[in-house]
Amino acid sequence: MPRRSDPPATKRRDRETAGDMDEQRERAAYDVVAAQEKWRPVWEKLNPFQAADDGSKERRYALTMFPYPSGDLHMGHAEVMALHDVVARYWWQRGYDVMNPIGWDSFGLPAENAAIKRDEHPATYTYANIETQAESFRRYGISFDWSRRLHTSDPEYYQWTQWLFLRFRERGLAYRKHSPVNWCPNDQTVLANEQVVQGMCERCGAEVTKRELSQWYFKVTDYAQRLLDDMEQLEGRWPERVLAMQRNWIGRSEGAHVDFDVKLHPGTDGTTEPDPVRTVRVFTTRPDTLYGATFMVVAADAKLASEVCAPDRREALEAYLEEVRKETDIDRLSTERPKTGVDLGVVAVNPVNGEELPVWAADYVLADYGTGAIMAVPAHDQRDLDFARAFGLPVRRVIDTGEDNPEESGVATTGDGVYVNSGDLDGLTDKESGIGRIIERLETDGRGKGTVNFRLRDWLLSRQRFWGCPIPVVHCDSCGEVAVPDDQLPVELPDLRGVDLKPKGVSPLAAAEEWVNTECPQCGGPAKRDSDTMDTFVDSSWYFLRYCSPGLTDGPFDPEDVRRWMPAHIYVGGVEHAILHLLYSRFFTKVLHDMGMVDFVEPFSTLMNQGQVINRGKAMSKSLGNGVNLGEVIDEYGVDAVRLTLVFAGPPEDDIDWADVSPGGSLKFLQRAWRLSGDVASAPGVDPTAGDEALRRVTHRTVHEAAELVESRRFNVMVARIMELVNTTRKAIDSGCGPEDPAVREAVEAVAILLSLVAPYTAEEMWERLGHQPTVARAGWPQVDESLLVEDTVTAVVQVQGKVRARLEVPPSISAADLEQQALADPAVVRFLEGKTVRKVIVREPNLVNVVAP
RNA sequence: GCCCCCGUAGCCCAACGGCAGAGGCAGAGGUCUUAAAAACCUUGCAGUGUGGGUUCGAGUCCCACCGGGGGCACCA
């Protein structure tokens, strides 16, 4: 990466020989490596970033998504932290009391897999990595408050994860059920829906299969509507696309439940008994097409299918099920897949017209969405139409949209049109009234009602792995499922390592007999501990609350502490957590709100997603060989240059292509800025008001704009403004007011403070050379003199027909009438107006006049 | 298929509906030097993906299309 022409990060100090001292001071580059070593201990001693939390200043909570401790920091971490730190350090400079905590999401699979390979305890690997990362963060100069540090794998932390789990369980929000679940054959554990991407395990990429298991769930579906509604508070403060993704994921659909009677033995003759009937409920978003239903479809893998199946069709259903089960999600995902299914040999009675419809089982209907059964309206639903055509089932159009008849065209029509063949709906022309009327009728008849359905499923939280938070429940033969009493928490992990951790399809914990076999807290009899652990997303769903009360021993957090700091003012992290982590954290917050433990419903006021660091157009990866090693880049250019490069590369949310940026250029700029500090020839504390006014204007405007730019999170533009100020100051020194002018000191001090948000080492070096005590990080934001923001004169542009024809130097306070008069009197303008009639003059004082004269 | 975001100079990117260019990278020229490097100075080549529209005025607002990225997807 480093180019031949890039300046070296390290310059030998001993080259500054006495003879050329002046020359050297002006030209030399400062020693980046030495500066990094020099300031760390100073900062650690000063401890400038510990939240005071004494109410003397307004509080700000700067939160960054805590890291997972696999290996050392990489470019991704470097980017988030650099961006995040701009905000945190800005708040410090503005005089807020800032809480900027750090911790580790330290349970999880990678550590466990690594431990198995090395035949050691996952904790050994995990905590070693944490130390490495912590050291890197310190070197990287992030303004963390280390006193609040936490690790989710510490018993002191997960005790409260367990405690929260028990509270959720008491409220019916954590429950166990037996059902088919996503199973990763590679990691040998179940996965949440959210962890299955395109039919693959999100983590390892293995093809996900299904298994029937008893598993713990959080009832996040109870909160679906609130998760949706409360997004209103986030509008404009969270990235639109994250909100869109969450909305998408929650997947609200309005529609209706319709009850069909299914006759279980249709056509049986020679008996006087009425047919046994079973009511089957379907969910539809288009109840208005009920007259167009020509068959019913039940999810083949739903219990319902075998329950309603006619005896003589049972064999066919079993055979079909066999086939379906062999399919993976991958098969199911492939589009244009031919429809398959089997006739169940029974009929359903359409509640609005008494028609008997055949009932089929198929895999295009999902068992776990809606009721697992649908009414099929082939004319107006493409999937149903494909199915009808595959099996020769009838198609009946009930909305005439003016398009081709679906029966012939093979294309279902879904738009508005005139209702036909639909009883009293006939003649209506819009969907809303059709839907309204049919729901009204169904409700009157007791055959259905308007309802809402969500795509969101409950959150499967059990994992059959070792390195996670144990589920604090015991299973007793006589008492059943019993919660571990609070005073016996935490349920600590046993000391397993190496081969004992190998995935066997059941949790490794189940094999730790001494641990598993316990006493029932209720009856004292023999019982077994639940041997599953929790999804690590449970750990991370509340860590931001724990930061407010680090080390608290009698609760997960103190509601008073949380009230002072939360909701977090800004949350910075990758968009890869747009759904999972953020949805779960929002869910936890709402539950805690209902428990009276927090007084807000949304945990993160503002969300900032940073882009990814890629290289040559592609994500960095070992196989592509395009990885960029953070440590090496820092060794080459220094921490500040790397941070500056990442902040300056573009808007925070955009991806950064490492091939497009220039850390060498960043270093060069930092050296330029640093050299300014050696040129300042006035003493600290000199009164700047007597200084060069032109330079002072630039300084004050830059400081003013920088604040606005940080607050609107346009950090790249802020850096550009600092560069401008550096360039202007350079010129002032070399060919303007000269180094003794107090305005130069004012400018350079401003540069140091502004730079402290991005390049703390360089800023500190500058501050020291300017004759100040450390630390520049707490120097305070420069006071802006408002009067210097107002220019003496501004350039007004005069346009004729939208084209610039003249420029006028006018006072900023000029009136519209004066400006118009001056503009029309300008010789150039007069020339362009010759022979034309002025129809209209638009004046935007003091900047612009546009003369309309066609 | 549905939904969302983005197209400005060779490149990364700025630009309250008002002079298309702030900053950087790369390039060119120069100062210094025996020479080179470093440092410093000078230098802007596109009319904003395409076509319409609104407006006195559009990179910016609206519509359509093209291109790129992302999310969801047999969710009834």
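No value in this document is a laboratory result; all are computed from the given coordinates. On a predicted model such as this, the values are computed, not experimentally measured, just so you know. Neighbour counts are summed over all protein chains in view; Cβ atoms, including those assigned to glycine, are modelled from backbone coordinates with ideal geometry.
Could you give the distance between the Cα centres of segment A:625-671 and segment A:238-252, to the whole Å?
Spelled out, the Cα-based centre of one part sits 32 Å from the other.
Karplus couplings for segment A:612-629 from phi (6.51 cos²θ - 1.76 cosθ + 1.60, θ = phi - 60°), rounded to Hz, Gly and Pro as x?
9, 8, 10, 9, 6, x, 10, 4, 5, 7, 5, 5, 7, x, 10, x, 10, 7
With a cut-off of 8 Å between alpha carbons and a minimum separation of six or more residues, what is the relative contact order of segment A:456-503 in percent?
36 percent
When Rg is the radius of gyration of the Cα atoms in segment A:71-165 and Rh is its Kirkwood radius, what does Rg/Rh come to?
1.04
With a Förster radius of 22 Å, plug the Cβ-Cβ distance of A:Ser478 and A:Tyr175 into 1/(1 + (r/R0)^6) and report the FRET value to the nearest 0.05.
The computed FRET efficiency comes out at 0.60.
What's the FRET efficiency of A:Lys117 with A:Arg94 using the Cβ-Cβ distance as r and R₀ = 45 Å, to the nearest 0.05?
Rounded to the nearest 0.05, the efficiency is 0.40.
Which net charge results for the neighbourhood of A:Pro651, defined as the other residues with beta-carbon distances under 13 angstrom from its beta-carbon, given Lys and Arg at +1 and Asp and Glu at -1?
Neighbourhood net charge equals -2.
How much length, in nm to one decimal, is gained on full extension between A:Thr837 and A:Asn727, taken as 0.36 nm per residue of separation minus their Cα-Cα distance?
Going from the current span to full extension adds 34.9 nm.
If you take the beta carbon distance between A:Arg807 and A:Ala853 as r and set R0 to 30 Å, what does 1/(1 + (r/R0)^6) give as a FRET efficiency, to the nearest 0.05?
0.95
Long-range amide H contacts for A:Gly611: which residues qualify at under 5 Å (H placed 1.01 Å from N, peptide plane, sequence gap of 5 or more or a different chain)?
For A:Gly611, the qualifying residues are A:Glu653, A:Asp654.
Per residue of chain A, what 222 nm ellipticity follows from adding -39500 (n - 2.57) for every DSSP H run with n ≥ 4, rounded to the nearest 500?
For chain A, the value works out to -11000 deg cm²/dmol.
Roughly how many Å is it from the Cα centre of segment A:525-556 to that of segment A:457-501, as a whole number?
Computed from Cα coordinates, the inter-centre distance equals 11 Å.
Rounded to whole Å and sorted largest first, what semi-axes of the equivalent ellipsoid does the C-alpha gyration tensor of chain A yield via the square root of 5 times each eigenvalue?
Working from the Cα gyration tensor, I get semi-axes of 61, 41, 23 Å.
What is the gain in length, in nm to one decimal, between A:Asp792 and A:Asn186 on full extension, counting 0.36 nm per residue of separation less the C-alpha to C-alpha distance?
Value of the extension gain: 211.0 nm.
Which angle between 0 and 90 degrees, to the nearest 10, do you get for helix A:663-679 versus the longest principal axis of chain A when only C-alpha atoms count?
The two axes meet at around 30 degrees.
At what distance in angstrom do the alpha carbon centres of segment A:745-778 and segment A:379-398 lie from each other?
Rounded to whole Å, the Cα centres lie 73 Å apart.
Contour minus end-to-end for A:Asn405 and A:Ser306, with contour as 0.36 nm per residue of separation and end-to-end as the Cα-Cα distance?
32.2 nm
If you rank A:His593, A:His380, A:His77 by fewest surrounding Cβ atoms within 10 Å, what's the result?
Lowest count first: A:His593, A:His77, A:His380.
Would segment A:176-266 count as rounded, prolate or oblate if I go by the C-alpha gyration tensor, calling it rounded below 1.5 in a/c and otherwise prolate when a/b exceeds b/c, oblate otherwise?
In terms of gyration-tensor shape, oblate.
Between 0 and 90 degrees, rounded to the nearest ten: what's the tilt of helix A:314-326 against the longest Cα principal axis of chain A?
Taking the Cα atoms of chain A, the angle to A:314-326 is about 20 degrees.
Neighbouring Cβ atoms within 10 Å as the yardstick, rank A:Met375, A:Met245, A:Met65 fewest first.
Placing the least packed residue first, the sequence is A:Met245, A:Met65, A:Met375.
Tell me the relative contact order for chain A as a rounded percent, counting alpha carbon contacts under 8 Å between residues six or more apart.
14 percent
So what's the angle, to the nearest 10 degrees on a 0 to 90 scale, between helix A:382-391 and the longest Cα principal axis of chain A?
30 degrees
Which aspartates and glutamates have a Cα less than 13 Å from the Cα of A:Lys590, not counting those fewer than 8 places away in the same chain?
Qualifying aspartates and glutamates at Cα under 13 Å: A:Asp222, A:Asp229, A:Asp230, A:Asp599, A:Glu602.
Can you sort A:Arg844, A:Arg730, A:Arg696 so the residue with the fewest Cβ neighbours within 10 Å comes first?
A:Arg844, A:Arg730, A:Arg696
Cβ under 12 Å from A:Tyr761's Cβ, A:Tyr761 left aside: what net charge do those residues give with Lys, Arg +1 and Asp, Glu -1?
Cβ neighbours under 12 Å give a net charge of -2.
Once Rh for segment A:725-768 is found with the Kirkwood sum over Cα pairs, what is the Stokes-Einstein diffusion coefficient at 10 °C and 1.306 mPa s, in µm²/s?
In µm²/s, the coefficient is 150.
Distance cut-off 29 Å, Cα to Cα: go down the list A:Lys618/A:Lys668; A:Lys326/A:Lys504; A:Lys263/A:Lys431; A:Lys219/A:Lys303; A:Lys219/A:Lys449 and report the pairs above it.
Correct reply: A:Lys263/A:Lys431.
What is the spin-label model distance, in nm, from A:Arg714 to A:Glu323 if the labels are put 7 Å beyond Cα along the C-beta direction?
Between A:Arg714 and A:Glu323, the simple spin-label model gives 6.1 nm.
With Cβ to Cβ distances under 11 Å as the rule, what net charge do the other residues near A:Leu213 carry (K, R +1; D, E -1)?
+2
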